[in-house]
Amino acid sequence: MRCTIVPPHILERLAGGDNPALRDMAHRTLVFSSAARTRRRTLAVRAPSPAEDFVPKRTVYDAEGREELPGREARTEGQEPTGDTAVDQCYDWLGVTFDFFESAYRRDSIDGAGLPLLSTVHYGRDYANAFWDGKQMVYGDGDGTVFLGFTGPLDVTGHELTHGIIQYTADLQYYGQSGALNESVADVFGSLIKQSHLGQTADQADWLIGQGLFAEGVQGVALRSLKEPGTAYDDPRLGKDPQPGHMRDYVETYRDNGGVHINSGIPNKAFYLAATAIGGYAWEKAGRIWYETLTGGALSAEVDFAGFAAETVRTAARLYGADAAETQAVKQAWSGVGVRA
Amino acid sequence: MKVTVVRSGGFSGIEQRAESDTASDPMLARLVDRVDLGAVPPPGRIPDQFLYDICIDGATATVGEAQLQGPLRELVHHVLGRAR
């Protein structure tokens with residue numbers, strides 16, 4: 001007995017098949033997931049003037065413990081703090097994340113054209129998660145015994161907002177290797193936003209994702225480590241961090257959309273290796289190479305690790321020169337995790 | 001009749017697994033009667049959403065948390081809740 005989820009390539013085969021019921025089901029799924037892609041490709045983004053100051057348009061909603069979106073409007077752009085920790089943390093971290101993408105890469109919000117930032121906090125009861133639903137960010141308060149509130153760590157907000165940027169750019173399909181790249185890119189920029197906020201260079205940063213999410217007593221420092229995938233936690237209730245940091249340990253699974261939160265460890269480690277080899281502030285060079293690869297239009301939505309790696313090398317060569325130390329660092333980073341760039 | 005639920009995905013990616021048997025769990029037996037795994041829509045690909053693999057006596061389905069409603073939702077939380 002095996003519970004499976006259906007990968008897109010199988011859906012596509014079903015959609016062209018003979019069984020009418022399966023065909024209809026597959027069509028509905030494909031139509032749903034391609035709608036966002038069509039929107040992205042038909043939206044024209046106007047070019048901002050070099051001096052234009054981008055300003056966020058934030059709205060934080062309160063689900064008041066229900067699982068209904070968006071919930072009651074709690075704080076909008078320019079309003080004073082509410083006194084509700086989750087609402088105010090969320091509002092602040094949205095601002096820090098917005099400012100990071102503006103100052104580091106001249107990006108105006110999620111879509112590059114000033115899209116309002118919408119978040120819902122206090123989602124569900126004991127809800128130990130945060131996600132991006134295609135239109136907004138959603139945060140639970142955690143269960144209080146293993147997980148604390150997901151609005152706490154800045155890199156969680158950075159990660160979720162980056163899922164939005166990915167949707168409006170390369171639209172990396174959330175399954176298998178392209179899905180693990182989607183997760184990795186969200187972790188990379190989540191970490192870079194935190195590093196930039198703390199003013200840390202690559203060798204000073206902790207390279208952790210979700211530090212501060214665990215309640216007291218949990219044996220772990222965070223949920224993931226870009227520096228040492230597989231070492232973030234080892235706890236009787238949670239098990240051990242399952243992330244590989246090299247292709248030889250790639251995990252084949254049908255769960256979690258094909259292990260997107262597991263195999264992301266491999267490109268995560270590659271980014272860490274590139275950033276520390278280049279040195280300095282990681283968002284300035286390594287981050288720029290990844291950002292321009294993501295937004296440059298050359299990636300297919302179903303790209304695998306090797307295809308993504310090759311594109312980062314091309315981007316590095318374009319930005320810094322084919323023989324530059326930065327380009328060499330990117331090549332060596334991918335070979336260090338067993339991916340042929 | 002054995003019922004297995006595995007939660008995967010979520011921001012943490014940490015898996016939770018639990019199972020129960022209708023022979024020793026009358027509440028589960030009542031829920032199973034109200035669930036039709038064949039009528040479950042395929043999961044959407046929503047970043048960091050929880051995914052639930054549900055197996056009821058050999059029949060299987062994968063459900064995204066956005067599609068998890070009604071008796072199936074009760075069943076999932078009942079089985080996972082017993083594991084805590």
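For region A:265-307, enumerate the residues that are touching a Pro at 6+ places or on another chain (Cβ under 8 Å) and over 16 Å from A:ASP187 (Cα atoms).
Initial filter on region A:265-307 (touching a Pro at 6+ places or on another chain (Cβ under 8 Å)): A:265-266, A:268-269, A:302, A:305.
Passing the criteria: only A:GLU302.
Considering only region A:155-174, state which residues are crowded, with 24+ Cβ neighbours inside 10 Å, within 8 Å of chain B (Cβ to nearest Cβ) and not β-branched (Val, Ile, Thr).
A:HIS159, A:GLU160, A:HIS163, A:TYR174
Please go through region B:40-53 and give me each residue that is facing chain A (nearest Cβ under 7 Å) and surrounded by 20 or more Cβ atoms within 10 Å (Cβ to Cβ), ordered by number.
Correct list: B:PRO42, B:PRO43, B:ARG45, B:ILE46, B:PRO47, B:ASP48, B:GLN49, B:PHE50, B:LEU51, B:ASP53.
How many residues are surrounded by 20 or more Cβ atoms within 10 Å (Cβ to Cβ) and within 10 Å of chain A (Cβ to nearest Cβ) when one looks only at region B:57-84?
Looking only at region B:57-84, we keep the residues that are surrounded by 20 or more Cβ atoms within 10 Å (Cβ to Cβ), and these are B:61-65, B:68, B:72, B:75-76, B:79.
Filter again for within 10 Å of chain A (Cβ to nearest Cβ), leaving B:61-65, B:68.
Summing the residues that are surrounded by 20 or more Cβ atoms within 10 Å (Cβ to Cβ) and within 10 Å of chain A (Cβ to nearest Cβ) in region B:57-84 gives 6.
Report every pair of residues separated by at least 6 positions or lying on different chains whose Cβ atoms are under 6 Å apart, first residue within region A:240-268 and in a loop (DSSP other than H, G, I, E, B), second at pLDDT below 95 and surrounded by fewer than 18 Cβ atoms within 10 Å (Cβ to Cβ).
Note: pairs meeting the criteria are A:TYR254/A:THR4.
Which is within 11 Å of another protein chain (Cβ to nearest Cβ) and either modelled with pLDDT of 95 or more or part of a loop (DSSP other than H, G, I, E, B) (or both), of A:SER119, A:SER178, A:SER184?
On the way: A:SER119 fails: within 11 Å of another protein chain (Cβ to nearest Cβ); A:SER184 fails: within 11 Å of another protein chain (Cβ to nearest Cβ).
A:SER178 is the lone residue from the list that is within 11 Å of another protein chain (Cβ to nearest Cβ) and either modelled with pLDDT of 95 or more or part of a loop (DSSP other than H, G, I, E, B) (or both).
So which residues in region A:202-223 are on the phi < 0 side of the Ramachandran plot, touching a residue at least 24 places away in the same chain (Cβ under 8 Å) and out of contact with any Asp or Glu (no Cβ under 6 Å at 6 or more places or on another chain)?
Answer for region A:202-223, where residues must be on the phi < 0 side of the Ramachandran plot, touching a residue at least 24 places away in the same chain (Cβ under 8 Å) and out of contact with any Asp or Glu (no Cβ under 6 Å at 6 or more places or on another chain): A:ALA202, A:ASP203, A:ALA205, A:LEU208, A:GLN211, A:LEU213, A:PHE214, A:ALA215.
All but one of (1) closer than 30 Å to A:ASP234 by Cβ; (2) surrounded by 23 or more Cβ atoms within 10 Å (Cβ to Cβ) hold for A:ARG125; which doesn't?
A:ARG125 satisfies all of (1) closer than 30 Å to A:ASP234 by Cβ; (2) surrounded by 23 or more Cβ atoms within 10 Å (Cβ to Cβ) except (2).
Give B:GLU74, B:GLU65 a once-over and let me know the one that is modelled with pLDDT under 95, among the acidic types (Asp, Glu) and under 23 Å from A:GLU68 (Cα atoms). Let's see the steps before the verdict.
Details: B:GLU74 fails: modelled with pLDDT under 95.
B:GLU65 is the lone residue from the list that is modelled with pLDDT under 95, among the acidic types (Asp, Glu) and under 23 Å from A:GLU68 (Cα atoms).
Does any residue in region A:128-154 that is surrounded by fewer than 19 Cβ atoms within 10 Å (Cβ to Cβ) come within less than 6 Å, Cβ to Cβ, of a residue that is of a type in the set (D, E, K, R) and in a loop (DSSP other than H, G, I, E, B) six or more places away or on a different chain, and which pairs are these?
A:ASP143/A:ASP126
When you scan region A:85-107, do you find a residue that is out of contact with any helix residue (DSSP H, G or I) (no Cβ under 7 Å at 6 or more places or on another chain), acidic (Asp, Glu) and in a loop (DSSP other than H, G, I, E, B), even just one?
Checked against the condition, which is being out of contact with any helix residue (DSSP H, G or I) (no Cβ under 7 Å at 6 or more places or on another chain), acidic (Asp, Glu) and in a loop (DSSP other than H, G, I, E, B), region A:85-107 yields no hits at all.
From the residues in region A:232-245 that are under 26 Å from A:ASP143 (Cβ atoms) and surrounded by 17 or more Cβ atoms within 10 Å (Cβ to Cβ), which one is nearest to the chain's Cα centre (by Cα)?
Kept after step one, since they are under 26 Å from A:ASP143 (Cβ atoms), are these residues of region A:232-245: A:232-243.
Still in the running and surrounded by 17 or more Cβ atoms within 10 Å (Cβ to Cβ): A:232-233, A:238, A:241-243.
Numbers: A:ALA232: 18, A:TYR233: 20, A:LEU238: 22, A:ASP241: 18, A:PRO242: 18, A:GLN243: 16 Å.
Selected residue: A:GLN243.
If a residue must be surrounded by 14 or more Cβ atoms within 10 Å (Cβ to Cβ) and out of contact with any helix residue (DSSP H, G or I) (no Cβ under 7 Å at 6 or more places or on another chain), how many such residues does region B:20-29 contain?
Residues meeting the conditions: 1.
Among all residue pairs at least 6 apart or on different chains, which show Cβ distances below 7 Å where the first residue, located in region A:318-341, is within 22 Å of A:GLY265 (Cα to Cα) and the second is basic (Lys, Arg)?
Going by the 7 Å Cβ cut-off, the qualifying pairs are A:GLU326/A:LYS285; A:VAL337/A:LYS269; A:GLY338/A:ARG248; A:ALA341/A:LYS331.
Would you mind finding the one in A:ALA282, A:ALA277 that is assigned to a helix (DSSP H, G or I), touching a residue at least 24 places away in the same chain (Cβ under 8 Å) and either under 19 Å from A:GLN332 (Cβ atoms) or among the charged types (D, E, K, R) (or both)?
Values: A:ALA282 fails: assigned to a helix (DSSP H, G or I).
One residue alone meets the criteria, A:ALA277.
Counting just the residues of region A:194-219 that are buried (at least 20 other Cβ atoms within 10 Å of the Cβ) and within 20 Å of A:ASN129 (Cα to Cα), which one comes out farthest from the other protein chains (Cβ to nearest Cβ)?
For region A:194-219, the residue satisfying everything is A:LYS194.
Quick one: how many residues across region A:220-250 are over 21 Å from A:LEU148 (Cα atoms), within 14 Å of another protein chain (Cβ to nearest Cβ) and out of contact with any helix residue (DSSP H, G or I) (no Cβ under 7 Å at 6 or more places or on another chain)?
Total meeting the criteria: 0.
A:GLU183 - would you say it is surrounded by 22 or more Cβ atoms within 10 Å (Cβ to Cβ) and not assigned by TED's automatic domain parsing to the domain that holds A:THR85? Steps first, answer last, please.
Details: surrounded by 22 or more Cβ atoms within 10 Å (Cβ to Cβ): yes; not assigned by TED's automatic domain parsing to the domain that holds A:THR85: yes.
Judged against the criteria, A:GLU183 is a match.
The values are calculated or read from the model by the stated rules, or taken from the named source; none is laboratory data. Computed from a prediction, not measured in an experiment: that's the story for all the values here. Don't worry about glycine lacking a Cβ; one is built from the backbone with ideal geometry, like all the others, and counts go over all protein chains shown.
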